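The values are calculated or read from the model by the stated rules, or taken from the named source; none is laboratory data. Nothing here was measured: the structure is a model prediction, and the numbers come from that model. So basically every Cβ, Gly included, is an ideal-geometry build from the backbone, and we count neighbours across all protein chains shown.
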Amino acid sequence: MRRLSELAVDESGVISYIDTKNRLRRRLYDLGLVPGTKVFCVAKSPLGDPKAFLVRGAVISLRCEDSEDIILE
Amino acid sequence: MGLTKSSTGKNACDRFLDIKTGDITVALMGNPNVGKSTLFNYLTGMRQHTGNWPGKTVTGASGNCTYKNKEITFVDLPGCYSLLSHSPEEEVARDFVVSGEADVTVVVCDATALERNLILVLQTQQITKKLIVCVNLIDEAEKKGIKIDKEKLEKELGAPVITTAARSGKGVNNLLDKIVKAKETAENENTPLSGEEIEETVNRAAQIADACVRFKNTNLIERDRKIDKILTGRPAYAVMLLMLLGIFWLTIAGANSVSGALSGALFKTEEWLNLALIQINTPDFLRELVVFGGYRMLVWVVSVMLPPMAIFFPLFTILEDLGYLPRVAFNLDKCFKRCGACGKQALTMCMGFGCNAAGVVGARIIDSPRERLIAIITNSLVPCNGRFPALISVITVFIVGGVFMPSVVLTGAITLGIVMTFLASKFLSRTFLKGETSSFVLELPPYRRPQIGKVIVRSVFDRTLFVLGRAVATAIPAGLLLWLLANINIGDTSLFACFCQSLEPLGNVMGLDGVILAAFILGFTANETVIPIMLMGYISGTVLTDGVSLAQLRDVLVLNGWNIVTAVNMIVFFLFHWPCATTMLTIYKETKSAKWTALSFALPTVIGVFICIAVNLLCNLLA
C-alpha cells in the first residue's frame, strides 16, 4: 500500500481511495481527486512539504499530512 | 493585473450586491484563475484586480455593457471549484447562481485544464438551464498543443460553447451574441442540485474531456516544470531573496535618478505660485498658508513617492502575472504551518505589500476562521505602498554605498517584516488563537508571459496615480492643519511644538523624538503623510527656496539631531506600528469584532515600540 505523500518527484500513481471523512475529502473530490484518478508528482517545496501534483491537467499542492490519507493502487 | 483603485483602500471590502440591472443579467462563474475578471474587465471596461493566482477575487463586482441595443449586466463572481461550497467567497458564488437572479450563467473554463473545469460545468447544469460554456485561455491552449473539439463538446454537454481569449478579446462578440440569444430562447428554471455523487460527475467530466480534447505536444508543460525546479526547488529561498533585492535595486536606482529633477521642477512652480499670489494681492496669511502649507506638502509627497512607486508597482505586477505568488505560498507553507498558520497567508502578505486593507480582505481565501484571523491581524507587519517610499527615502539618505547597500538594507527590512509575520503568527496561535492547523490545498497555475506594456500602463495610471492622489488628498489638508498648528501660538510656543514636546520623553526612550511620534500619530489617516508631516515639523517657520534633494533631506534631519540610530529606529517603527485608519476600518468590517480590531492595533505597535527601545538601549550601552 502506497500513499500519495510517498510519491517522489516525477513519479506517478493511480488513486485507490481516500482514507478520510472530513471536509478535506469533499475538497479533494471537487478538485477531481477521486478513485481511479492518475496523479503525477511535479514538485516538492524546498523543505520537502508540501508537494505539488498534476491532476486532470491542473497542478495542485497538498501538505503531506493531507496527502498521506490518499491511498494509491 | 495587480491591485487597482477598486480593489484597495476603502473599496476593498465593498460588497457587489448593489447591482444595476439592465436588460440581461449575466453571472460569470468558474474555477479560480480561469480569467473571469479579465473577461469581466474586457466586457465592462472596469478594472477589477487580475493576476495569475487563484483567489484574487473574493468579493465579486458588477458592471454593464451595451451590445446590440441591449444593456447587459455582468456579475464577476469569486472563483469556486464546486457548487457544494466550502469557503465564504465560494458561497458568494453559489448563492448568487442558485438564487436565480441571473438570466444567463456563463461558466468560464480554462482550456488548458478543461477536464477539471467541466466538473463545475456539469454541476451548474444541474441547477440552471440557461447556461453558456465559455472556454477561455484558448490562445494559451493552442500554444500548448491542446486542441478542443468545440462542436463535439457542445453535443456532449447539450449547451452552447464559445471559445475565447479574454486577454485579447478574441471570441468575446460571439459570447455576447450567445448571451442575447440564450436570454430569448431558453426557459428560466432553477432546479435544486440533484444528489448525484460527485464521483459520477468527475468521471463524466473525464469522459467528455477524453472525447473532446487532444494533446499534441507537451513542451510547454515541460517548460513549466523546468521553471518550477528553480523557483520551488532547492535554490527557492535564495531566488526569492535575490528577486526582492533585484526589484529594490531597480526601484532605488530608478527613483534616485528622477527624484531630484522632479522636485526641482515642482519647487520652481512653487516660486511661480508664490509670485503669482503676490501679483494678485493675496493676503500674506493666505498666501503663506497655500504655498508653504498646502503646496509644499504636495511637492514632498509627489517627489518622494511617485518615482519609487512608478517603478515598484509594475515590477511587482509582472511577478504576479507571471504566476510567482502561488509559488511563494508553496515555498513558505511549511514555515507558516510550523507557526500554526496557513500557507495561503503568503498570498495575503503579498497583497499587503500593495495595500494592507486589500490584504485583510484577501484573507477570505483562507478557509479556517482561526487561520484567517491570524492572517488579518498580522497583515500590517509588512509595509504597504504608503510606507515603501518613506522607507526608501530614509534608507537612501542614511545608508551610504551607492544603490547596492540601500537595496540590501531595504531587503533586510522587508525580510524582518516577513520574519515578524511568522513570529507573530506563532505567538497568536499559541495564545489568543489556539487550535489545530487545517489543510492547505492550493492550485499552482501555469506560468504566463506578462503583458509588460499593459502592466506598465495600468500600474502607472490606475495604481500609482491613484495612490498618489490619495496621498495628495490627505497631505494637503494635513499640510494646512500643520501650518496652522505650527503658527498658532500659546504663549511662546506653537500648538504643534506643545504636542511634540509632550511626546518627546517617549520618543527619546525609543531612540526617536517627539516630532517623529507626532508625525506617526497625525499620519494615522494615511502612512504616506508621515514623512512630510515630520519634515514640516522640523522646518516649520523656516523657508526653503530651492528644490529638495536627498542631500538636503539629510541636512534637515541631521540638523534636528538624527543619527544612524534614529534612522534604524525610524525604519523599525515604519515597519511595525498601528495600521492606518482605512485598514483598521476594514479589519473591523471583516472580523466584526472590536477585540480583534484592537489586537490588530496593539500587536504591531507593541512590537515596534519594544524593538525601538531595545535598539536604543543597546546602542547607548555600546556607545
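Here are some conditions: (1) more than 14 Å from every other protein chain (Cβ to nearest Cβ); (2) out of contact with any strand residue (DSSP E or B) (no Cβ under 9 Å at 6 or more places or on another chain); (3) at pLDDT below 80. B:Glu197 meets all but one. Which one does it not meet?
(1)
Can you tell me which of A:Ser67, A:Ser61, A:Ser45 is among the polar types (S, T, N, Q) and more than 8 Å from chain B (Cβ to nearest Cβ)?
Step by step, each of A:Ser67, A:Ser61, A:Ser45 is checked, and only A:Ser67 is among the polar types (S, T, N, Q) and more than 8 Å from chain B (Cβ to nearest Cβ).
(1) more than 8 Å from chain B (Cβ to nearest Cβ); (2) under 23 Å from B:Glu200 (Cα atoms); (3) surrounded by fewer than 21 Cβ atoms within 10 Å (Cβ to Cβ): which one isn't true of A:Arg2, the others all being true?
Going through (1) more than 8 Å from chain B (Cβ to nearest Cβ); (2) under 23 Å from B:Glu200 (Cα atoms); (3) surrounded by fewer than 21 Cβ atoms within 10 Å (Cβ to Cβ) one by one, A:Arg2 breaks only (2).
Just to be sure before I move on: is B:Ile377 within 24 Å of B:Thr59 (Cβ to Cβ), within 18 Å of the chain's Cα centre (by Cα) and within 14 Å of another protein chain (Cβ to nearest Cβ) in the structure I sent?
Considered against the rule, which asks whether it is within 24 Å of B:Thr59 (Cβ to Cβ), within 18 Å of the chain's Cα centre (by Cα) and within 14 Å of another protein chain (Cβ to nearest Cβ), B:Ile377 comes out as no.
Of (1) facing chain B (nearest Cβ under 7 Å); (2) assigned to a loop (DSSP other than H, G, I, E, B), A:Ala8 satisfies all except one. Which?
It fails just one condition, (1).
Rundown of residues vs (1) in the same structural domain as B:Val606 (by TED's automatic domain parsing); (2) within 18 Å of B:Thr591 (Cβ to Cβ); (3) in contact with a helix residue (DSSP H, G or I) (Cβ under 8 Å, 6 or more places away or on another chain); (4) in contact (Cβ under 8 Å) with a residue 40 or more places away in the chain, yes/no style:
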site: B:Leu298; (1), (2), (3), (4): yes, no, yes, yes
site: B:Val302; (1), (2), (3), (4): yes, no, yes, yes
site: B:Leu319; (1), (2), (3), (4): yes, no, yes, yes
site: B:Arg338; (1), (2), (3), (4): yes, no, yes, yes
site: B:Gly343; (1), (2), (3), (4): yes, no, yes, yes
site: B:Ala346; (1), (2), (3), (4): yes, no, yes, no
site: B:Asn356; (1), (2), (3), (4): yes, yes, yes, yes
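Kindly indicate the residue of the range B:224-236 that is facing chain A (nearest Cβ under 7 Å) and in contact with a helix residue (DSSP H, G or I) (Cβ under 7 Å, 6 or more places away or on another chain) and also farthest from A:Val59 (Cα to Cα) among those meeting that condition.
Top of the filtered list is B:Ala236.
Taking into account only those residues within the range A:14-23 that are touching a residue at least 12 places away in the same chain (Cβ under 8 Å) and not in a strand (DSSP E or B), which is nearest to the other protein chains (Cβ to nearest Cβ)?
If we take residues in the range A:14-23 being touching a residue at least 12 places away in the same chain (Cβ under 8 Å) and not in a strand (DSSP E or B), then A:Thr20 is nearest to the other protein chains (Cβ to nearest Cβ).
When you scan the range B:78-188 for helices (runs of 4 or more DSSP H) that lie fully inside it, which ones turn up with 2 or more residues that are without any contact (Cβ under 8 Å) to a residue 40 or more places away in the chain and buried (at least 19 other Cβ atoms within 10 Å of the Cβ)?
B:88-99, B:138-143
Is it true that B:Asp367 is acidic (Asp, Glu) and in contact with a Pro (Cβ under 8 Å, 6 or more places away or on another chain)?
no
Across the range A:48-58, what is the number of residues that are at the interface with another protein chain (Cβ under 7 Å from one of its Cβ atoms) and of a type in the set (Lys, Arg)?
1
When only residues in the range B:61-77 that are in a loop (DSSP other than H, G, I, E, B) and out of contact with any strand residue (DSSP E or B) (no Cβ under 6 Å at 6 or more places or on another chain) count, which is nearest to B:Gly169 (Cα to Cα)?
In this case the residue turns out to be B:Lys68.
Of the residues that make up the range A:32-48, is at least one of a type in the set (D, E, K, R), buried (at least 17 other Cβ atoms within 10 Å of the Cβ) and at pLDDT below 90?
No, every residue in the range A:32-48 fails to be of a type in the set (D, E, K, R), buried (at least 17 other Cβ atoms within 10 Å of the Cβ) and at pLDDT below 90.
Would you kindly identify the helices (runs of 4 or more DSSP H) lying entirely within the range B:540-623 that contain at least 3 residues that are modelled with pLDDT of 90 or more?
B:564-575, B:581-591, B:594-622
Counting only residues that are of a type in the set (Lys, Arg) and more than 7 Å from chain B (Cβ to nearest Cβ), which one in the range A:24-42 is farthest from B:Thr124 (Cα to Cα)?
Looking at residues that are of a type in the set (Lys, Arg) and more than 7 Å from chain B (Cβ to nearest Cβ), I get A:Lys38.
Condition test on B:Leu381, is it surrounded by 22 or more Cβ atoms within 10 Å (Cβ to Cβ) and touching a Gly at 6+ places or on another chain (Cβ under 8 Å)?
Spelling it out, B:Leu381 is indeed surrounded by 22 or more Cβ atoms within 10 Å (Cβ to Cβ) and touching a Gly at 6+ places or on another chain (Cβ under 8 Å).
Of all residues in the range B:120-134, which are within 13 Å of chain A (Cβ to nearest Cβ) and within 28 Å of B:Arg449 (Cβ to Cβ)?
Listed by number, the residues that qualify are B:Leu120, B:Val121.
Could you check the range B:438-470 and list, in sequence order, the residues that are among the β-branched types (Val, Ile, Thr) and more than 30 Å from A:Leu54 (Cα to Cα)?
Those that are among the β-branched types (Val, Ile, Thr) and more than 30 Å from A:Leu54 (Cα to Cα): B:Ile456, B:Val457, B:Val460, B:Thr464, B:Val467.
Kindly indicate the residue of the range B:70-95 that is among the hydroxyl-bearing types (Ser, Thr, Tyr) and modelled with pLDDT of 85 or more and also farthest from B:Leu120 (Cα to Cα) among those meeting that condition.
B:Thr73
So B:Thr431 clears everything in (1) surrounded by fewer than 16 Cβ atoms within 10 Å (Cβ to Cβ); (2) under 19 Å from the mean Cα position of the chain (by Cα); (3) of a type outside the set (D, E, K, R) except one condition, right? Which one?
If we test B:Thr431 against (1) surrounded by fewer than 16 Cβ atoms within 10 Å (Cβ to Cβ); (2) under 19 Å from the mean Cα position of the chain (by Cα); (3) of a type outside the set (D, E, K, R), just (2) comes out false.
Among A:Tyr29, A:Tyr17, which is closer than 22 Å to B:Ser368 by Cβ and of a type in the set (Phe, Trp, Tyr)?
A:Tyr29
Looking only at the range B:200-210, filter to residues that are polar (S, T, N, Q) and within 11 Å of chain A (Cβ to nearest Cβ); which one of those is farthest from B:Ile127 (Cα to Cα)?
Restricting to residues being polar (S, T, N, Q) and within 11 Å of chain A (Cβ to nearest Cβ), the top hit is B:Asn203.
Can you find, within the range B:428-471, the residue that is farthest from the other protein chains (Cβ to nearest Cβ) among those that are free of Cβ contacts under 8 Å to residues at least 40 places away in the same chain and among the hydrophobic types (A, V, I, L, M, F, W, C)?
Top of the filtered list is B:Leu465.
Say whether the condition of being more than 24 Å from B:Glu436 (Cα to Cα) and either of a type outside the set (Lys, Arg) or touching a His at 6+ places or on another chain (Cβ under 6 Å) (or both) is met by at least one residue in the range A:42-52.
yes
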